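Down below is the structure, laid out as structure tokens.
The values are calculated or read from the model by the stated rules, or taken from the named source; none is laboratory data. Predicted model, so just to flag it, every value in this text is computed and none were measured. No Cβ is skipped: glycine too gets one built from the backbone with ideal geometry, and neighbour counts run over all protein chains shown. Just the protein is used for accessible areas: all its heavy atoms, side chains included, with ligands, DNA and RNA removed. Shrake-Rupley method; radii C 1.70, N 1.55, O 1.52, S 1.80 Å.
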Amino acid sequence: MIYVMSDLHGCYDEFIEMLKEIEFSKTDELYIIGDVVDRGPEPIKLLKYIMNKQNIHTVMGNHEKMMIDALTTPYYKAHRLWYINGGEITEKQFNRQGEETKKKIIKYIKNLPYYAEVNANGKNYVLIHGGPEWNFEEALRLGKISDNVLWNRFDTIDKKEVVEGKIIVVGHTPVQLYNFDSIIKFADKRLIDCGCVFGHKLACLRLNDEKEYYIESKQKTLKKD
């Protein structure tokens, strides 16, 4: 079975509970479409768990991008951007790691892809963190995806198909901002960030039959910034 989650944001306990809920096994595949780190209580513990699993794949999110920029460049603005978006807890936990572990984490994040393509039950899915750019079909064909896909937000009013014959799955924007409380599904779009770190739910979508799974958040409500 193939599963997709997004925006874990350090919610380690909810993530482990979800793995038990879906009975995740070595023969299954899980794609996490960005934002493993920041804001929540255990981002580094969660990241290290994921790094050690061969059948869990991560796509770059804007929080991973902010993290790697802050850790590998001297620019104050990069560090400040990370901090004001919940990076302080990640940096504190990162700094408590040994030098070899730090190097492994940095290498892992640097090598994260900006998208993944998956086929499940005859359907083709493109997994990205934020939202597609205006020329996404061409960019996908050429394999040249820009940072925009980490930050863009889907316009749910726009029902136009993004890439012919493909379903786009994104996180990044909690569905509560669209006045939903569960996964949003359009003909060729799936929005799966259900705001776990903000006190709502962790969502998981099984692509084989599009069954939805939810775990209630254990986090106190955070203010969205």
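Quick notes on this structure:
- By accessible area with a 1.4 Å probe, ligands and nucleic acids excluded, highest first: order of R206, R96, R153: R96, R153, R206
- Taken one residue at a time, the phi angles of the range 206-215 give Karplus couplings (6.51, -1.76, 1.60, θ = phi - 60°) of 8, 6, 4, 9, 6, 6, 9, 10, 9, 10 Hz. Gly and Pro are set to x.
- Dipole-positive endmost among G130, H172, C11 within the chain (Cβ charges, Cα centre): C11
- The range 24-92 - percent relative contact order, Cα under 8 Å, separation 6 or more: 39 percent
- Inter-probe distance in nm under a simple model that places probes 7 Å from Cα toward Cβ, at N111 and K92: 3.1 nm
- Kirkwood hydrodynamic radius over Cα pairs of the chain, then Stokes diffusion coefficient at 10 °C and 1.306 mPa s, in µm²/s: 90 µm²/s
- Take every Cα pair under 8 Å whose residues are at least 6 apart in sequence, average their separation, divide by the length of the chain, and the relative contact order is 22 percent.
- Table column - 3J(HN,Hα) (Hz), the range 42-56, Karplus curve with 6.51, -1.76, 1.60, x for Gly and Pro: 9, x, 6, 4, 5, 4, 5, 4, 5, 4, 8, 10, 5, 9, 10
- Above-threshold pairs, the threshold being 26 Å between Cα atoms, out of K65/K92; K26/K107; K53/K218; K189/K218; K189/K211; K20/K48: K189/K218
- Of every Cα-Cα pair in the range 1-87, the percent that sits beyond 15 Å: 58 percent
- Where E138, E99, E210, E14 fall by accessible area, highest first, once all protein chains stay in place (1.4 Å): E99, E138, E210, E14
- Relative to the dominant Cα principal axis of the chain, helix 99-110 is inclined by about 30°.
- Helix-only [θ]222 nm of the chain, DSSP H runs n ≥ 4, -39500 (n - 2.57) each, per residue, nearest 500: -8500 deg cm²/dmol
- Label-to-label distance, E21 versus E138, with points set 7 angstrom from Cα along the beta-carbon direction: 4.1 nm.
- The range 1-56 and the range 81-130: distance between their alpha carbon centers, rounded to Å: 11 Å
- Packing-based order for 53-62, 125-134, 108-117, using average beta carbon neighbours within 10 Å, highest first: 125-134, 53-62, 108-117
- Förster radius 41 Å - calculated FRET efficiency between E99 and D147 (Cβ-Cβ, nearest 0.05): 0.90
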